Amino acid sequence: MNLIGRYIFRTVAGAFVIALLVLTGVVWVTQALKEIDLLTTQGQTLWLFLYMTMLALPALVMVIGPIALFIACLYALNRVNADSELVIVHAAGASPWIVYKPFVALGVIVTLLTGLISLYVMPESARTLRNTIADIRADVLTYIVVEGLFSTVENGLTFHIRDRSPDGNLLGLMVHDERDPETI
């Protein structure tokens, strides 16, 4: 690639990275707000919440990548045209391929990265996310029983735990069962 090609490639690649980061951040925030009940109602930690929302990022990047590339191409072409650089390149007798080559190169790179994400990264992150959600749902005591409070699971069955140790053991566990012993 010649000098003007590298200049256009840097312009469009920089715009692509910025557009990808901004669009991914906006969509990530909207997706994270949907999952905020995991943090509030189920008593999970902030780190687990961030971990789970980060596992959803490959799917978002796969969808947002081509859109960010389109935005970056429009921005770069507008900038090069507004600065009259396209006119100078064409007046100098350069072929249109000199201007198109950086866009095609970045398009191929984004296509390969999107293919890599869709074939390898996204399925693995989806599998990990599904396993994490299953682990959270399986841990009933995490979101039913709150430390220091008496929690009624059903009529006549109350749990109380004083504290949790760092390794997950329940300390000071008390169970009060007033259910009918003949129906159990």
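Derivation of every value follows stated rules applied to the coordinates shown; laboratory data play no part. Treat the numbers as computed from the prediction; the structure is a model and nothing was measured. Counting neighbours? That spans all protein chains shown, and the Cβs are built from the backbone with ideal geometry, glycine included.
Exposed loop trypsin sites (Lys or Arg not before Pro) only (DSSP loop, at most 16 other Cβ atoms within 10 Å): please give the longest stretch of the chain free of them, not including the sites. Walk me through the numbers on the way to the answer.
Numbers: sites that count: 162, 179.
Counting only loop sites that pass the neighbour cut-off, the longest clear stretch is 1-161.
Please work out how much length the chain gains when fully extended from residue 31 to residue 100, using 0.36 nm per residue of separation minus the C-alpha to C-alpha distance, in nm with one decimal.
21.3 nm is the gain from fully extending residue 31 to residue 100.
For a quick check: with amide H placed at 1.01 Å from N, whose amide H comes under 5 Å from residue 157's, ignoring anything fewer than 5 positions away on the same chain?
Counting only residues 5 or more places away or on other chains, the set is 178.
Once both axes come from the Cα atoms, what is the angle between helix 46-55 and the longest principal axis of the chain, in degrees from 0 to 90, rounded to 10?
With rounding to tens, the tilt is 40 degrees.
What's the local net charge at residue 100, with K and R +1, D and E -1, over the other residues with C-beta under 15 Å away?
Numbers: positive: 6, 101; negative: 85.
Spelling it out: positives minus negatives among the neighbours equals +1.
With axes computed from alpha carbons, what is the tilt in degrees of helix 57-82 against the longest principal axis of the chain, rounded to the nearest 10 within 0 to 90?
The angle comes out at about 30 degrees.
Provide the per-residue ³J(HN,Hα) series for region 101-118, in order, calculated from phi with Karplus coefficients 6.51, -1.76, 1.60 and θ = phi - 60°, each as a whole number of Hz, with x at glycine and proline positions.
4, x, 5, 5, 4, 5, x, 5, 4, 5, 4, 5, 5, 5, x, 4, 5, 6
On full extension of the chain, what length is gained from residue 51 through residue 116, given 0.36 nm per residue of separation minus the C-alpha to C-alpha distance? Walk me through the numbers on the way to the answer.
Details: separation 65, 0.36 × 65 = 23.40 nm, distance 2.13 nm.
Going from the current span to full extension adds 21.3 nm.
So how tilted is helix 122-138 from the main axis of the chain? Cα-based, degrees 0 to 90, rounded to 10.
20
Which value in Å does the Kirkwood hydrodynamic radius of region 42-99 take, with 1/r averaged over all unlike C-alpha pairs and then inverted?
When all Cα pairs of region 42-99 are included, the Kirkwood radius is 15.0 Å.
Considering only 22, 63, 87, give the residue with the highest GNM mean-square fluctuation for the chain, with springs between Cα atoms whenever their separation is below 10 Å.
Highest fluctuation among the options: 87.
Put +1 on the Cβ of each Lys and Arg and -1 on the Cβ of each Asp and Glu in the chain; which of 51, 132, 122 then has its Cα farthest toward the positive end of the dipole?
Of the listed residues, the answer is 122.
I need the calculated FRET efficiency for the pair residue 2 and residue 67, taking r as the beta carbon distance and R₀ as 30 Å, to the nearest 0.05.
About 0.55, to the nearest 0.05.
With +1 assigned to the C-beta of every Lys and Arg and -1 to the C-beta of every Asp and Glu, and no other charges, what is the dipole magnitude of the chain about the Cα centre in debye, to the nearest 20?
Taking the Cα centre of the chain as origin, the dipole is about 1300 debye.
Kirkwood Rh and Cα-based Rg: tell me the resulting Rg over Rh for the chain, rounded to two decimals.
The Rg/Rh ratio comes out at 1.29.
Just 169, 78, 131 to compare: in a GNM of the chain, with alpha carbon springs under 10 Å, which one fluctuates most?
Comparing 169, 78, 131 in the GNM, the peak value goes to 169.
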